[in-house]
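Everything below concerns the one structure shown next.
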Amino acid sequence: MPVYRVVTGPDDAAFCRRVSEAIGLGYELHEGPAITFNGENVIVAQTPVRRTMP
């Protein structure tokens, strides 16, 4: 499992499921999401990170 990943996509139920899945796998959200509008949809980017044990 990578320590860092970026989840992007339209702000919809599928995006929320992907972020929730990452949290369920032990990832934590790194700060707030980035949000933009492409003229048709709101696009969101969220960065889950997995904390490594020393």
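Got a sec? Which of F37, F15 is surrounded by 10 or more Cβ atoms within 10 Å (Cβ to Cβ), at pLDDT 95 or above and aromatic (F, W, Y)? Explain how you work it out, then say what you get.
Details: F37 fails: surrounded by 10 or more Cβ atoms within 10 Å (Cβ to Cβ).
The conditions single out F15.
Quick one: how many residues across the range 1-12 are assigned to a loop (DSSP other than H, G, I, E, B), more than 9 Å from the chain's Cα centre (by Cα) and at pLDDT below 95?
3
Filtering the range 21-34 down to residues that are among the small types (G, A, S) and surrounded by 12 or more Cβ atoms within 10 Å (Cβ to Cβ), which residue is nearest to Q46 (Cα to Cα)?
Step one: of the range 21-34, the residues among the small types (G, A, S) are 22, 24, 26, 32, 34.
Then keep just the ones that are surrounded by 12 or more Cβ atoms within 10 Å (Cβ to Cβ); that gives 22, 34.
Numbers: A22: 11, A34: 7 Å.
Among them, the one singled out is A34.
Does the range 16-45 hold any residues that are out of contact with any Ser or Thr (no Cβ under 8 Å at 6 or more places or on another chain), touching a residue at least 24 places away in the same chain (Cβ under 8 Å) and closer than 21 Å to P2 by Cβ, and which are they?
Within the range 16-45, V19, A22, I23, L25, G26 qualify.
Quick check on G32: is it at pLDDT below 95, in a loop (DSSP other than H, G, I, E, B), over 8 Å from the mean Cα position of the chain (by Cα) and not charged (D, E, K, R)?
yes
Can you name the number of the only condition in (1) on the phi > 0 side of the Ramachandran plot; (2) under 11 Å from the mean Cα position of the chain (by Cα) that V49 fails?
With (1) on the phi > 0 side of the Ramachandran plot; (2) under 11 Å from the mean Cα position of the chain (by Cα) applied to V49, the lone miss is (1).
Looking only at residues that are loosely packed, with under 11 Cβ neighbours inside 10 Å and over 13 Å from D11 (Cβ atoms) in the range 40-54, which one is modelled with the lowest pLDDT?
Here is the first cut: in the range 40-54, the ones loosely packed, with under 11 Cβ neighbours inside 10 Å are 40, 51-54.
Next, from what is left, pick out any that are over 13 Å from D11 (Cβ atoms): 51-54.
Numbers: R51: 80, T52: 72, M53: 57, P54: 53.
Out of the qualifying residues, it is P54.
Would you confirm, using the coordinates I've provided, whether R5 is charged (D, E, K, R) and touching a helix residue (DSSP H, G or I) at 6+ places or on another chain (Cβ under 8 Å)?
Details: charged (D, E, K, R): yes; touching a helix residue (DSSP H, G or I) at 6+ places or on another chain (Cβ under 8 Å): yes.
Here the answer is yes, as R5 does meet what is asked.
The values are calculated or read from the model by the stated rules, or taken from the named source; none is laboratory data. Predicted, not measured: the structure shown is a model, and the values here were computed from it. Ideal geometry is used to build each Cβ from the backbone, glycine not excepted, and the neighbour counts take in all protein chains shown.
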